[in-house]
Amino acid sequence: MYQNKSPRGDSPVSIIGAGIAGAWQALLFAQAGHAVTLHERSDAAMTESTSHWAGGMLAPYCEAEVAEPIISRLGQRSLDIWRRELPDTPFNGSLVVAHARERSDFERFARMTEGHQRLDASGVAQLEPSLDGRFRDALFFPAEGHVEPRRVLPKLHERILAAGGIIKFNSDVSAEDLEGIVIDCRGLSARDGQPELRGVKGEMILIETAEVELSRPVRLIHPRWPLYVIPREDHLFMLGATSIEAEDTGVSVRSALELLGAAYAVHPAFAEARIVEFGSGLRPAFPDNLPRITIDRNKMSVNGLYRHGFLLAPALAELTLAYVKRGQIDNEVMRCA
Ligand SMILES: Cc1cc2nc3c(=O)[nH]c(=O)nc-3n(C[C@H](O)[C@H](O)[C@H](O)COP(=O)(O)OP(=O)(O)OC[C@H]3O[C@@H](n4cnc5c(N)ncnc54)[C@H](O)[C@@H]3O)c2cc1C
């Protein structure tokens, strides 16, 4: 970290994009006393945002299997901020399970990650009675949490209003037209100024059944993708997620088979579940798949949240705020234009 000349610490702040990145920026800046206006080009349902399609796992320990250390650092910081700002966020941990043929990948996952406890079959059944007899062991990551994106985004928007911020939906704006400090959180739409951004498709399926009950996300070790089943309210479960270098938003038969197969492998009763929705979102990613805050005087952009938007957004908001208030620069994340 080092100090730099930052924009005035009490200037008005305009944020473009009310997805998870922009929502957290708006909340922390409004709470810090700035006059905040959050612009979102779609309506409050936010169906155009990538955030709408996400799993919402807050899983810095599991993600360490494939992600750089910076994701763990920012992710662990974010967990504290989620706890502080939304204390009812469920922190029930996550479970990682595997079938016998994926044994060596399971052991590799255990070696590559920290912050877990190894459970035997009875430990699994104690945590998740629905999984009694299904797995002979599992990894339990007790410090992890999860949120339901379609419920938590409106909650964050409410908190922004309560902190004195303004939210303008159906407001398609451009940074050049805005005064004061501008924070661009447009996700993949920011490609006009950041052409190296790309979309990484993530497909998901929503199913409904009362036959299985889970209290936390369950990840199933899979040779290609980390597949998971996340419990939602009203007997819904989200099955996610593929990771494909493509920018169409269709869901392929192959992906659907793999996602549904993962659910079936976690519990055969999922075979009787009702399919509620197929969908996909494009994760905004830079070539290194790492988040980036770009600073050009009083214009900043927060982007490249890739597969970690819910995990990283609070910590990234804290960093931009520290820059504006104190000129503090985080060398790993920030780039000055
Ligand atoms: C299937 C799937 C599962 C995922 N699971 C997880 C997970 O479990 N945990 C996790 O941490 N992450 C997860 N992610 C990743 C996460 O969803 C993304 O990292 C995150 O949503 C990116 O957020 P964002 O705010 O940068 O972009 P977005 O959510 O796309 O928000 C950008 C917003 O900007 C608005 N906008 C664009 N242009 C303008 C303009 N000119 N004026 C006004 N508004 C504008 C858009 O309408 C949009 O609402 C998942 C992603 C997918 C696809």
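A few points about this structure:
- Fraction of beta bridges assigned by DSSP in the chain that are antiparallel (%, nearest 5): 65
- Check: the chain dipole with +1 on Lys, Arg Cβ and -1 on Asp, Glu Cβ, in debye: 700
- Cα gyration tensor shape of the range 129-210, rounded if a/c is under 1.5, else prolate or oblate by comparing a/b with b/c: prolate
- Cβ-Cβ FRET estimate between Ala143 and Arg297, R0 fixed at 41 Å, reported to 0.05: 0.60
- Local electrostatic count at Leu282 - Lys and Arg +1, Asp and Glu -1, tallied over other residues with Cβ under 12 Å: 0
- Restricting the range 51-140 to GluC sites (Glu not before Pro) that sit in a DSSP loop and have at most 16 other Cβ atoms within 10 Å of their own Cβ leaves Glu114.
- Cα gyration tensor, the range 85-136 - rounded (a/c under 1.5), prolate or oblate: oblate
- Dividing the mean sequence gap of close Cα pairs (under 8 Å, 6+ apart) by how many residues the range 1-128 holds gives a relative contact order of 17 percent.
- Candidates Gly327, Gly261, Gly193: whichever shows maximal mean-square fluctuation once the chain is modelled as a Gaussian network with Cα springs under 10 Å: Gly193
- For the range 26-85: rounded, prolate or oblate by the Cα gyration tensor [a/c cutoff 1.5]: oblate
- Per principal axis, descending, Cα span of the range 146-257 in whole Å: 53, 36, 21
- Computed log₁₀ I(q)/I(0) - Debye formula, equal Cα scatterers, no solvent, the chain, q 0.07, 0.11 Å⁻¹: -0.28, -0.69
- With the convex hull drawn over the C-alpha atoms of the range 29-168, the volume per residue is 138 Å³.
- Taking other C-beta atoms within 10 angstrom as a stand-in for reagent exposure, Tyr264, Tyr323 fall in the order Tyr264, Tyr323, fewest first.
- Membrane-span-like helices of the chain, defined as complete DSSP H segments with a Cα extent of 18 Å or more along the helix axis and a mean Kyte hydropathy of at least -1.0, are identified as 69-85, 149-162, 253-266, 309-326.
- Choice from Leu188, Leu321, Leu311 showing the highest fluctuation, given a GNM over the chain with Cα pairs closer than 10 Å: Leu321
- Spatial separation of Cα centroids for the range 14-82 and the range 248-264, in angstrom: 26
- In units of the rule-of-thumb radius 2.2 N^0.38 Å, the range 192-333 shows an alpha carbon radius of gyration of 1.27.
- Here's how it looks for His146: its modeled amide H is under 5 Å from those of Leu58, Asn92, which are all 5 or more places away or on a different chain.
- Put simply, when 159-169, 176-186 are sorted by average Cβ atoms within 10 angstrom per residue, most first, you get 176-186, 159-169.
- For the chain, the relative contact order works out to 28 percent when only alpha carbon pairs closer than 8 Å and six or more residues apart are counted.
- Note on the chain: lysine pairs with Cα distance below 16 Å, sequence gap of 8 or more or different chains, count 4.
- Listed residue (Thr37, Leu321, Ile244) projecting farthest to the positive dipole end of the chain, Cβ model: Leu321
- Restricting the range 207-250 to trypsin sites (Lys or Arg not before Pro) that sit in a DSSP loop and have at most 15 other Cβ atoms within 10 Å of their own Cβ leaves Arg224.
- Amide H contacts of Ile183 (H built 1.01 Å from N, under 5 Å, at least 5 apart or other chain): Ser14, Ile15, Ile16, Met300
- Per-residue extension of 0.36 nm, minus the Cα-Cα distance of Phe278 and Leu86, leaves a gain of 66.2 nm for this segment.
- Around the Cα centre of the range 118-199, unit charges on the Cβ atoms of Lys, Arg, Asp and Glu (plus for the first two, minus for the last two) sum to a dipole of about 300 debye.
Computed from the coordinates by the stated procedures, all read-outs in this text should not be read as laboratory data. Keep in mind the model is a prediction, meaning the values are calculated, not measured. Glycine also receives a Cβ, built like all others from the backbone with ideal geometry; neighbour counts cover every protein chain displayed.
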